[in-house]
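Below: one structure, written as C-alpha cells.
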Amino acid sequence: MTVRFGGLAALSMVNFEVKRDEVCAIIGPNGAGKSTFFNCLTGVLKPTSGRILFNGEDITALPSNAISRKGIARSYQITNVMPNATALENVRIAAQSRRHGWNMISHHSAFPDINEKAEAALQLVGLLEKADQLAANLSHGEQRNLEIGIALATEPTLLCLDEPTAGMSAAETHDTVQLIRRIANNLTILIVEHDMQVVMELCHRITVLHYGEILADGTPEEIRRNPKVQEVYLKT
Ligand code: ADP
Ligand code: MG
C-alpha cells in the first residue's frame, strides 16, 4: 500500500505479509511510517492506494469497528485506558464490545461470561490482583499492560502492538517482553517498535521501514547483520 499526506509519501508501495501465529515486527526510526501502517491495518486511516487482506478477505474499506470484529486488535499508547474506571471495568467494556455490542443499561453481572473473559484477560497481563484499582492509580507500565489486556479482551486473532514498551523502565520492559511471549500462543502478533533490542528477542521476522519504504526484511539475525540497517540505526 501507499499512503500520501499531501506531497509526503508516509508509505510507498509497502508490501508486507504476516503468517498465522507468527510474531513479526516492523521497526524503523521516527517518522518511518510505522504508526501509519498500523492506522491503515486497523481502519483508522485509508491507504491512498493498495489493499489489505485479512484471512484472504479485503478489509481495506472497512471501518475500524468492523475490522475489530474480524479479529484485529490494536493497543494504542495509553489513550484507550479509561482512568476513572477500574482495571477490570476497562477490560470488561472491551470484552463486551466484541461479544454483545455496547450496552450501557445492562448490569455487568448479567453477563457472567463477560466477567470471566475480562478476568482472564487481566490475568494474562498480570493485573488480576489489581482488578479493582482505578486505572489512573496504576503505574505507567501497568497501564501499558492494561492496554494489551483491553486489546486481548476483544479476542483477536491478530494483535497489533504499537511500541508496547515505550516509556517503560528496564525492569518493566523485561516483564512486558515476557508478557508478550506468554500471550503469543494461538495469536498472531505484529509489533511496531523503535527499539531494536526489544524485537530481536521476541520476533520470528523483522521488517525495517525507512522513509516509508522497506529497507530490509528477515530473521533477527539477518537484520542484525544487515549493513544497510546498521547504517540507518547508527545515524539516528
Ligand atoms: P512512525 O510511527 O514510524 O514514527 P508515522 O507513521 O507516525 O511514523 O509518520 C510517518 C510520516 O508521516 C511522518 O513524516 C509524519 O510526520 C507523517 N504523518 C503521519 N501522520 C500524518 C498525518 N495525519 N498528516 C500528515 N502527516 C502525517
Ligand atoms: Mg509511531
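The values are calculated or read from the model by the stated rules, or taken from the named source; none is laboratory data. Just so it is clear, the structure is predicted and the values come from calculations on it, not from any experiment. Cβ coordinates were reconstructed from backbone atoms using ideal geometry, including for glycine residues, and neighbour counts include every protein chain displayed. Note: areas computed on protein heavy atoms with side chains; ligands, DNA, RNA excluded. Shrake-Rupley method; radii C 1.70, N 1.55, O 1.52, S 1.80 Å.
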Before we move on, is Val192 at pLDDT below 95, crowded, with 16+ Cβ neighbours inside 10 Å and part of a strand (DSSP E or B)? yes
Matching residues in segment 1-45 - criterion: being more than 11 Å from ligand 2 (Cβ to nearest atom), more than 26 Å from Ala184 (Cα to Cα) and touching a Ser or Thr at 6+ places or on another chain (Cβ under 7 Å): Met1, Thr2, Val3, Arg4, Ala9, Leu11, Ser12, Met13, Leu45
What are the residues in segment 71-84 that are surrounded by 12 or more Cβ atoms within 10 Å (Cβ to Cβ) and more than 15 Å from the chain's Cα centre (by Cα), if any? Met82, Pro83
Enumeration of residues in segment 1-56 that are crowded, with 16+ Cβ neighbours inside 10 Å, more than 10 Å from ligand 1 (Cβ to nearest atom), over 16 Å from the mean Cα position of the chain (by Cα) and of a type in the set (Val, Ile, Thr): Val14, Ile52
Inspect all residues belonging to segment 171-181 and state whether any of them is of a type outside the set (Gly, Ala, Ser), within 16 Å of ligand 1 (Cβ to nearest atom), on the phi < 0 side of the Ramachandran plot and open to solvent by 50 Å² or more (accessible area, probe 1.4 Å). no
Could you run through segment 143-189 and say how many residues are under 18 Å from Asn39 (Cβ atoms), outside any helix (DSSP H, G or I) and within 16 Å of ligand 2 (Cβ to nearest atom)? 6
If I ask for residues that are small (Gly, Ala, Ser), away from ligand 1 (no atom under 16 Å from the Cβ) and part of a helix (DSSP H, G or I), which ones from segment 57-76 would you list? Ala66, Ser68
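This table checks each residue for (1) under 26 Å from Met200 (Cβ atoms); (2) open to solvent by 10 Å² or more (accessible area, probe 1.4 Å).
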| residue | (1), (2) |
| --- | --- |
| Leu127 | no, no |
| Ser139 | yes, yes |
| Gln143 | yes, yes |
| Ile148 | yes, no |
| Thr154 | no, yes |
| Cys160 | yes, no |
| Met168 | yes, yes |
Filter result (open to solvent by 10 Å² or more (accessible area, probe 1.4 Å) and either in contact with a Cys (Cβ under 7 Å, 6 or more places away or on another chain) or under 29 Å from Ala121 (Cα atoms) (or both)) within segment 204-220: His204, Arg205, Pro220
